[in-house]
1. Residues in the range 24-34: is at least one at pLDDT below 95 and over 21 Å from W115 (Cβ atoms)?
2. Could you grab me the full set of residues in the range 165-207 that are in a loop (DSSP other than H, G, I, E, B) and farther than 16 Å from G74 by Cα?
3. Is there any pair with a first residue in the range 93-120 that is under 23 Å from S211 (Cβ atoms) and charged (D, E, K, R) and a second that is assigned to a loop (DSSP other than H, G, I, E, B) and open to solvent by 20 Å² or more (accessible area, probe 1.4 Å) whose Cβ atoms are under 8 Å apart and which are 6 or more apart or on different chains, and what are they?
4. Could you tell me which residue of the range 178-211 is farthest from L224 (Cα to Cα), considering only residues that are in contact (Cβ under 8 Å) with a residue 12 or more places away in the chain and touching a Gly at 6+ places or on another chain (Cβ under 9 Å)?
5. Would you confirm whether or not the range 123-135 contains a residue that is in contact (Cβ under 8 Å) with a residue 12 or more places away in the chain and basic (K, R)?
6. Given the conditions (1) open to solvent by 10 Å² or more (accessible area, probe 1.4 Å); (2) over 23 Å from F95 (Cα atoms), which single one is not true for G64?
7. For G42, state whether it is open to solvent by less than 10 Å² (accessible area, probe 1.4 Å) and in contact (Cβ under 8 Å) with a residue 12 or more places away in the chain.
Amino acid sequence: MTDEKQVLIVDDQPELRASFRLRLEKAYPHPTIFEAGSVAAGRALIQERSTVHLALIDLGLPDGSGVELIKQLGDTHPSSLIVVVTIYADDDHLFPALSAGAHGYLLKDTPEEVWLRQLRQLEGGTPALSPPVARRILEFFRERSREPSRQQAPAPPPPAPSAVLTPRETEVLGYIGRGMRIGEVAGMLGLAESTVAGYVKDIYRKLNICSRAEAALEAARRGLV
């Protein structure tokens, strides 16, 4: 991302938007910040902006779920970094947001110093997760590994022909699996960001996945990371 961050904040409480703005100004030099208090207003801002480097999105909005905006940003601004900021730490909110494409999940009561550190490390490819959220994700996978039905299940069949990736798609999947953003992959390969975004969409479609986390798991499964 460039030094001047284009940042979108979507939260229905003006006082919280003001608090987020102050934190962003501490985290980044001179960010350009746009605010919305609803899904509709957020959609309009996303459509208006040619660039959104970072988006902080609440889930419980007056006219819908912030997950709708996460999906829209993934479609229209594939290089955006998207962080959920919310009071909800339950599975019903956490996993749909991550599956939709969020790169982070910060609870609103997270101490400021932790919040800022998580945002800064996001640029290096590390997901921004409040400690309770990170623990819950680890617990979720530990619980799944202990389920007898999963332990005794037969090995999955090999990928169907439609899941076979081209050499270029495999290369892109490897970079995405290492946590690189679309702009970085484009630079590595000497391609336009829109071209790389097209490869990513084709990869997601072929593998029937919808998030960077799933892409990273698939890249690891294929020995690409």
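1. For the range 24-34, residues at pLDDT below 95 and over 21 Å from W115 (Cβ atoms): absent.
2. From the range 165-207, those in a loop (DSSP other than H, G, I, E, B) are 165-166, 178-181, 190-192; that's our starting set.
Result: L165, T166, R178, G190, L191, A192.
3. K108/I87
4. The selected residue is E193.
5. Within the range 123-135, none of the residues are in contact (Cβ under 8 Å) with a residue 12 or more places away in the chain and basic (K, R).
6. (2)
7. Yes, satisfied.
Matching residues to (1) closer than 20 Å to A97 by Cα; (2) among the aliphatic types (A, V, I, L, M); (3) in contact with an Asp or Glu (Cβ under 9 Å, 6 or more places away or on another chain):
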site: V164; (1), (2), (3): no, yes, no
site: E171; (1), (2), (3): no, no, no
site: G174; (1), (2), (3): no, no, no
site: L191; (1), (2), (3): no, yes, no
site: Y199; (1), (2), (3): no, no, yes
site: Y204; (1), (2), (3): yes, no, yes
site: I209; (1), (2), (3): yes, yes, yes
site: R212; (1), (2), (3): yes, no, no
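The values are calculated or read from the model by the stated rules, or taken from the named source; none is laboratory data. Fair warning: this is a prediction, and the values are worked out from it, not measured in the lab. As a convention, Cβ positions derive from the backbone with ideal geometry for all residues, glycine included, and neighbour counts pool all protein chains shown. Surface areas here come from the heavy atoms of the whole protein model, side chains and all, with no ligands, DNA or RNA. Shrake-Rupley method; radii C 1.70, N 1.55, O 1.52, S 1.80 Å.
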